[in-house]
Amino acid sequence: MTAPGAAITRILVVEDDPAILRGVADNLRWDGHEVTTARTADEGWSRLQDGTLDLAILDVMLPGATGFELCRRARAQGIDLPILFLTARGQETDRVMGLDLGADDYVTKPFSVPELLARVRALLRRTLPDHALPERLAFDDVVVDFTRYEATRAGAPLAMAPKEFGVLRLLAARGGQAVTRTELLREVWGYDAYPTTRTVDNHVAQLRAKLEADPRAPTRLLTVHGVGYRFVAEPAPEGE
């Protein structure tokens, strides 16, 4: 679920294996993206031309043509969205061919889902406008002013540490998309080497205690298992 005013990223996945297609699509949706799918080269080509996509994930071996051919045709017609190849073919010559045809990245099966999602986010960060950090956030009975470092709940002042403001602001800026613990550490704390990512977990736990109606069953600050956290502008469905 995306915050009001946040851009929705639209991703095409072209994969002929139904289990892999479903798994990739489900995880991308969980990560906050809108996903459309295709299982053949012809279906993929039709969807590639609709002009609304932000990124495409293409299998190399497809019924009707190869992902390489789809990429070549897309670049020849000026379709410049990021393309990531997802394939069991891991030879160096295949990787070089895909990149030479205009692909932006290459992931070999079997793959790690968190790594795939991280690569997708990295490609989107390089090609989409930066997420604007909000100056103010209001939800339920909470109002947060990030410029003044002030927060209230039900009209009463709410004590929050500077890093808690930073974590909440970055999560809110991503419009429902997952943010990794490493990215939160890098963007909020400002350096890359840490003894443990429990730093982020502790700050999120403190935020939940201050902002959630029931910190043990959060509806705003949600855990994305194996990845990090995301903020939703509307309460998550029960059981999420």
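Here are some notes:
- In order along the range 40-49, the phi-based Karplus estimate (6.51 cos²θ - 1.76 cosθ + 1.60, θ = phi - 60°) of 3J(HN,Hα) comes to 10, 5, 4, 4, x, 5, 4, 6, 4, 8 Hz; Gly and Pro are listed as x.
- The listed residues E164, E69, once ranked by accessible area (1.4 Å probe) with the largest placed first, stand as E69, E164.
- Close amide H partners of L55, meaning residues 5 or more places away or on another chain with modelled amide H under 5 Å apart, are R10, L12.
- Order by protection proxy (mean Cβ within 10 Å, highest first), peptides 13-22, 56-65, 104-113: 56-65, 13-22, 104-113
- Scaled against the 2.2 N^0.38 Å expected of a compact globular protein of N residues, the Cα radius of gyration of the range 58-157 reads 1.67.
- Amide H partners (placed H, <5 Å) of E150, local residues excluded: D145
- Across the chain, Cα-Cα pairs more than 21 Å apart make up 60 percent of the total.
- With all protein chains modelled, accessible area of L101 [1.4 Å, Å²]: 50 Å²
- Taking R174, R121, R148 as the candidate residues, the one with maximal mean-square fluctuation in a Gaussian network model of the chain, Cα springs under 10 Å, is R148.
- Only Cα pairs under 8 Å and 6+ residues apart enter the sum, and on that basis the relative contact order of the chain stands at 16 percent.
- The range 52-111 - Debye-derived log10 I(q)/I(0), Cα point model, q = 0.15, 0.20 Å⁻¹: -0.38, -0.68
- Nearest-ten-degree value, helix 198-211 long axis tilted from longest Cα axis of the chain: 60 degrees
- Value of relative contact order over the range 41-118, rounded to a whole percent, pairs C-alpha under 8 Å and six or more apart: 28 percent
The values are calculated or read from the model by the stated rules, or taken from the named source; none is laboratory data. Keep in mind the model is a prediction, meaning the values are calculated, not measured. Methodologically, a virtual Cβ is constructed for each residue, glycine included, from the backbone with ideal geometry; neighbour enumeration extends over all protein chains shown. We work out accessible area using only protein heavy atoms, side chains counted, and drop any ligands, DNA or RNA first. Shrake-Rupley method; radii C 1.70, N 1.55, O 1.52, S 1.80 Å.
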